[in-house]
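Here, each number is a calculation from the coordinates, and none is a lab measurement. Keep in mind the model is a prediction, meaning the values are calculated, not measured. Every residue, glycine among them, receives a Cβ derived from its backbone with ideal geometry; neighbour counts consider all protein chains shown.
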């Protein structure tokens with residue numbers, strides 16, 4: 001008697017057979033890298049790169065590249081598609097570090113509306129960050145956006161003190177821009193003040209690897225580091241709005 005294998009089961013068997021060599025290769029790579037570089041943190045994911053024989057080794061949000069046996073490891077560098085000039089490593093990191101807009105703790109931000117405020121932008125900033133001051137000045141020219149500014153004091157004790165004074169002001173957003181744009185030192189806040197929001201901002205930033213300021217988050221989940229010029233912010237806001 002002939003026993004037929006259902007098509008679905010046959011397809012599953014073929015898929016498993018095809019995956020077996022890949023899993024075996026991944027196991028070899030994990031084993032060799034762990035043995036040869038004991039200080040290397042735990043590997044989260046291994047996947048094929050666009051280059052034949054080269055594998056992407058992901059540890060958190062950090063990307064490394066290795067050959068199939070782990071004989072060589074590329075610690076720093078980007079894969080560039082020469083046909084499109086796209087930085088594939090950068091695109092991959094952008095995807096890994098994306099934060100959904102709804103995941104942002106907007107209640108812990110200072111809100112500044114410019115124009116009709118229809119578009120949205122979140123920014124993590126330190127009051128003593130020179131790049132943040134330049135960015136704040138350029139940001140004033142961007143129209144029709146609501147800016148959610150998260151105080152993120154990471155540059156030292158004075159940053160924490162200034163963040164407290166700004167957050168506890170009668171008008172935090174006004175105190176913020178007064179300091180960043182006009183150099184008006186925020187008034188010292190005397191007595192008790194609830195700064196739990198700032199603590200939550202720091203915890204959120206650490207969780208999502210906000211390593212510097214300013215750090216920009218857009219409605220489509222994308223993020224960008226650094227004091228981008230106003231024209232670039234405008235371009236990214238337009239792109240994020242189209243996606244949504």
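Looking at the range 202-237 only, could you name the residues that are under 15 Å from residue 120 (Cβ atoms) and without any contact (Cβ under 8 Å) to a residue 24 or more places away in the chain?
Once the filter is applied, which keeps residues that are under 15 Å from residue 120 (Cβ atoms) and without any contact (Cβ under 8 Å) to a residue 24 or more places away in the chain, the range 202-237 yields 224, 236.
Can you pull out the residues in the range 190-204 that are touching a helix residue (DSSP H, G or I) at 6+ places or on another chain (Cβ under 9 Å), in a loop (DSSP other than H, G, I, E, B) and farther than 12 Å from residue 167 by Cβ?
Selection gives nothing.
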